[in-house]
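Report on one structure; see the data block that follows.
The values are calculated or read from the model by the stated rules, or taken from the named source; none is laboratory data. It should be emphasised that the depicted structure is a prediction, and the values quoted were computed from it without experimental measurement. Note that we place each Cβ from the backbone using ideal geometry, even for glycine, and neighbour counts take in every protein chain shown. Keep in mind that these areas ignore ligands, DNA and RNA; they rest on the heavy atoms of the full protein, side chains included. Shrake-Rupley method; radii C 1.70, N 1.55, O 1.52, S 1.80 Å.
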Amino acid sequence: MDTLNYINNGHGLASWLLTKDHKRIALLYLVSITFFFFLGGLFAFMIRLELLTPAGDVLTAENYNKMFTMHGVVMVFFFLIPSIPAVLGNFLIPIMIGAKDLAFPRLNLISWYIYVLGGIFTLVAALSGGVDTGWTFYTPYSTAAANSHVITAALGVFITGFSSILTGLNFIVTIHRMRAPGLTWFRLPLFVWAHYATSLVMILGTPVIAITVLLVAAERVLHMGIFDPALGGDPVLFQHLFWFYSHPAVYIMILPAMGVISEIVQAFARKNVFGYSFIAFSSLAIAIIGFLVWGHHIFVAGQSVYAGMLFSIISYIVAVPSAIKVFNWTATIYRGSISLDSPMLYAFGFLGLFTIGGLTGLFLAAMGLDIHMHDTYFVVAHFHYIMVGGAIMGYLGGLHYWWPKITGKLYSEPAAKLAAGLVFIGFNLTFFPQFLVGYLGMPRRYHMYPPEFQVFNVMSTLGATILSVGYLLPMFYFVHSIFRGKPSPADPWGAKGLEWEVPSPPPTENFAVTPIVTHGTHQYAPSKEVGVV
Amino acid sequence: MSDGYPQAPSVGLPGRVSIQAPGNPHDEQSSAHPHHPKLQHHFDDMGQQAEASTLGMWVFLVTEIMFFGGLFLAYLVYRTQNPMAFQEASAHLSWKLGAFNTAVLIFSSLTMALAVRSAQTSESRGTQVFWLVTTMILGATFLGVKVIEYSEKFAHNNVPGPNFVWDGQYPAGAEIFYSLYFCMTGLHALHMVIGLGIMTVIAIMAWRRQFNTEYFTPVEITGLYWHFVDIVWIFLFPLLYLIGRHYGGH
Amino acid sequence: MFTNFPFFPQQASAQAGQVDAIYFFMVAVTAFFSILIAGLVVYFAFKYRRRHRDEIGHAIHGSLALELLWTVIPFFITMVMFVWGAKVFFDMYRPPAGAMEIHVVGKQWMWKVQHMDGRREINELHVPVGRPVKLIMGSEDVLHSYYIPDFRVKADVIPGRYNVLWFTATRPGNYHLFCAEYCGTKHSGMIGTVTAMEPADFQAWLSGGRADESPVAAGEKLFADLTCNTCHLTDTQGRGPMLTNLFGKQVELQGGGTVTVDEAYIRESIVLPQAKVVAGFQPLMPTFQGLVTEEQLLQLIAYVRSLSQQGEAPGAAPQSPTMPQSSSRPVVEKK
């Protein structure tokens, strides 16, 4: 039993904290990201508790504002953006392309330390009194008015941005230069394509938010007039720079989840994906077009109507590749051999929730309608359908799918199915009412609200309670599986892909010899169209 | 999953890929040739390692372009909004010092290229270190001139903030100009300082005879970085020092 | 008014119906595709469920015809949405000529309103039904956003510029007013009530309260108090430009370029007088930043506008086509 693998190859804290093995670094990320996920979840739960009653009895207005700010900052920058790439991408990309490691293992470890350092800044900001600017740090409130720890939190975001940049850089170089012989671009798993597209967004977008946040800090500390109109600056310029990154950042969250879904759907339908190249190229299309839509966040800020029309039409165009993906996944399960294991349940949940999330995005891209919906709970519901319904469902699905590979242990499938069901039900109960209350006009970031909105908020809070049970359950059966789970064979699902060829858990060097790939990595049946060499 | 699938299905393709036995033709480079001491374990050969490092630096420079890009955009917006103020404020910068520094940096790019070449052609460690140190001296000269320029601005209270003083016609616009001036040139100077730090390490490595035709990637990617920093200045110099000098210039 | 638990907001403005029409179209599209995808997934999952352990799916690699189908159809549907959304936006963007103007100033955490006859309100807004109302809005501190859900209108209120919001109320009643852009601790307290009244009731309301001076009169007085009138004379002999009949015109700038004299340019000329100096004048004017409040700025602007409005309907200020809803920053065109 005790064959040498990456987990038992080296013991002691130092062997983990100084490791250059991408698989161990992925586990370091897993632990730290899980911490931030539950921290952000705690903030979210406080928000929901507060909104149970219209009068705002639980928290003071100031504390409530800090709660949603910290919730946004922690979830966006410290959970959603790194989640799938830094954990699953880190673990799987080298194995999926037949490499021993990422191109720059030391840089990979440094990225994790940078992430932790950024996280510490954010924790310090939270513990020393919090920030109340909203995760968007809009000026001039953030530079001139907010009386809270803006600089500490902004530095946390700035620092962790470099972790993201370096991870993206590492992935791009790895995918370009480290593929095994015979693994051509169009034989790559779609998970790798998705991460390639994600990395492009990371390296092109993140530096812009870094410089923007730095300018906010400079304005706040040194009173340089960049964004504050009292100093001659332009607050809307901040919004342009901020959304130039933060809209594509949504694609950093959702593209890897799409990659995970492509893998899961193929594995549990025992079938190669329908329209491989359309899915691959739609990832790139989303990444590139996604850089040209940021202006749809500021339709009502008084930008020129022609600029607004341009942003609106491009926002609609970027919806098309997402639609293509959804149709292709649906077509993939046609005439498959479908097994409803827990990862597949998450994938189906993703399909439904992402479809609703994507389609409600179309509402917000319609300029005339966005006037009414902007900054209401409709927006909140929409982006949670994408980020929670999409990205977190993808993350959890991927974690369940690859858990036996990562740990070498099998978890309790009935418990996992229960959790998947709870997450789906709890999620819809939390966020569907927010579409309704949003169209009624309830603005976001409201500590108190008119009493006629209460019934929707009570539903949301109830749903959030179910959702948090659904999120906590995997903690128990995952941890249980580590100690008591049955050992997993190399390929517990009967799935295809290089990662299922190596033992579970994989040895430190992944492959004893570099594999040679002779056909597409997800072929279940012989085919005329894809030649087998 | 307790009733999971212990084995891959028996139907379908037997293997997804063929993992070939050791000694296959693709693995020969690692067995036939001795490992270069600088070859990291996860690369197949020195060529792959060098290509990865170079591509990594290019990708990093792309992120740097986006980083400075945000500042260039802010410059563009505020110049359009305050054209007169920017001309007036720009006229208070010494174009002579700026032009001198431009020349220094362009020359340092030449010496950097020669340093790369000397490593690439396995020239003596003395030659390699000479070009590296010359580049560092030029870089330090640039920073020295920058210190002179900055201290002049500090002496006249032309540094944005509560104590900003401007005796021209457009104090508000001039303050924005100098905010951008200090952000842009400060960030550029920071990149120069980092470059000097890297070059110190590279020079020590060169002195220890670590670079030759087979292994000179560190020098090469340092060169890429240094050229990039120079190019940023090539854009900063006209934008900050030259445009609009015909108006009210000194 | 605010009883029960409504599931749909009231339609209380002329615009509301247009916005809701797109909304229902979108809801229909969303429902259709969500049910389609969910239905197919459930149907396939059942029909093609795994029958024995070693079963694999059929090798189907794709179909160009299908890919084109589900690329082109969504594309056309989204283009319909785009055109429709943009059209409604355009309609909601341009205030009609003759709209009743009201000044709104947002500050942490209240809405200060002044009607053209001088009547002031805080966190309330009284408007007549059936008549277009145009709000000219500025902020004293941070970003705010003026939002009346039952009218389906909203516009950000941004320090340093003026944004415009207009609507025509159609049903008398009280409606929620929210600040929709996060503005600090008591953001959720920056709310109020918009009261739409029959025109006769509105007139009665207007005459019922104690009205201050009208903004134009207050502006004229300020103009004298701040000694603006020593340079801006009523003829062309002054050290500053003559302001009569200036509003809405294009003027040449010193150093090249032109600018349209609108609310934003007048505001900038008062707080940052050196930013854009009219050609032929010296940059002599001192800044009034900090000396005049946002409300006083609006009064001064109203006064300057009134100098150009003899014989014109109030509120017929030319709208620059690039800035319909907002008159944001002046557009400087290169010669």
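Quick notes on this one:
- Hull volume per residue, based on the alpha-carbon atoms of the protein assembly as shown and their convex hull, is 172 Å³.
- Span per principal axis, largest first, for the Cα atoms of the range A:141-180 (Å): 54, 13, 7
- P(r) tail fraction, chain C - alpha-carbon pairs more than 37 Å apart, %: 34 percent
- Rough spin-label spacing in nm, given labels placed 7 Å along Cα→Cβ, for B:THR200 and C:ALA200: 8.8 nm
- Between A and B, accessible area buried - total, square angstrom, nearest 100, 1.4 angstrom probe: 5100 Å²
- Hits among lysines - C-alpha to C-alpha of C:LYS87 under 20 Å, sequence gap 8 or more where chains match: C:LYS134, C:LYS154
- Residue list for the range C:51-83, given a label point 7 angstrom along the Cα-to-Cβ vector of C:ALA21 and an amide N cut-off under 14 Å: C:81, C:83
- For the pair B:LEU143 and A:SER128, label points projected 7 Å from Cα toward Cβ lie 2.8 nm apart.
- Square roots of 5 times each gyration tensor eigenvalue, C-alpha, the range C:100-208, largest first, Å: 22, 14, 12
- Pairing chains B and C buries close to 1200 square angstrom of accessible surface in total, based on protein heavy atoms and a 1.4 angstrom probe.
- List of the range A:176-190 residues, accessible area with partners at least 10 Å² below that of the chain alone (1.4 Å probe): A:HIS176, A:ARG177, A:MET178, A:PRO181
- Portion, in percent, of the accessible area of chain A that falls on carbon or sulfur, probe 1.4 Å: 74 percent
- Note: relative contact order over chain A, using C-alpha pairs below 8 Å and six or more positions apart, is 18 percent.
- Compactness of the range A:20-500, taken as the C-alpha radius of gyration over 2.2 N^0.38 Å, stands at 0.94.
- Centre-to-centre, using Cα atoms only, the range C:70-130 and the range A:65-92 are separated by 36 Å.
- Relative counts (whole %) of C-alpha pair distances in the range B:77-123, using bins that are 5 Å wide: 5, 17, 13, 12, 12, 11, 9, 7, 6, 5, 2
- Cα gyration tensor shape of the range A:375-533, rounded if a/c is under 1.5, else prolate or oblate by comparing a/b with b/c: prolate
- Per residue, the solvent-accessible area of the protein assembly as shown (1.4 Å probe, heavy atoms of protein chains only, all protein chains present) comes to 36 Å².
- Our note on the geometry: Cα centres of the range C:243-265 and the range B:136-191, 34 Å apart.
- Entries in A:LYS100/A:LYS325; A:LYS20/A:LYS409; C:LYS112/C:LYS186; C:LYS186/C:LYS276 that, when Cα-Cα distance is taken, lie over 26 Å: A:LYS100/A:LYS325; C:LYS186/C:LYS276
- In a DSSP loop and with at most 13 other Cβ atoms within 10 Å, the trypsin sites (Lys or Arg not before Pro) in the range A:446-533 are A:LYS528.
- Of every Cα-Cα pair in the range B:42-242, the percent that sits beyond 32 Å: 27 percent
- Residue among C:ILE102, C:PRO149, C:GLY208 farthest towards the positive dipole end of the range C:100-208, charges placed on Cβ: C:PRO149
- Compared with the dominant principal axis of the Cα atoms in chain A, helix A:105-127 is inclined by about 30°.
- GluC sites (Glu not before Pro) restricted to DSSP loop in the range C:163-233 with at most 15 other C-beta within 10 Å: C:GLU213
- Close amide H partners of C:GLN108, meaning residues 5 or more places away or on another chain with modelled amide H under 5 Å apart, are C:ASP141, C:VAL142.
- Of the DSSP H helices in chain C, those whose Cα atoms cover at least 24 Å axially and whose Kyte score averages -0.5 or more: C:16-47, C:64-93
- Ordered from largest to smallest accessible area (heavy atoms of protein chains, 1.4 Å probe), the residues A:THR514, A:THR198 come out as A:THR514, A:THR198.
- Of the trypsin sites (Lys or Arg not before Pro) found in the range C:215-255, those in coil by DSSP whose Cβ has at most 15 other Cβ atoms within 10 Å are C:ARG239, C:LYS249.
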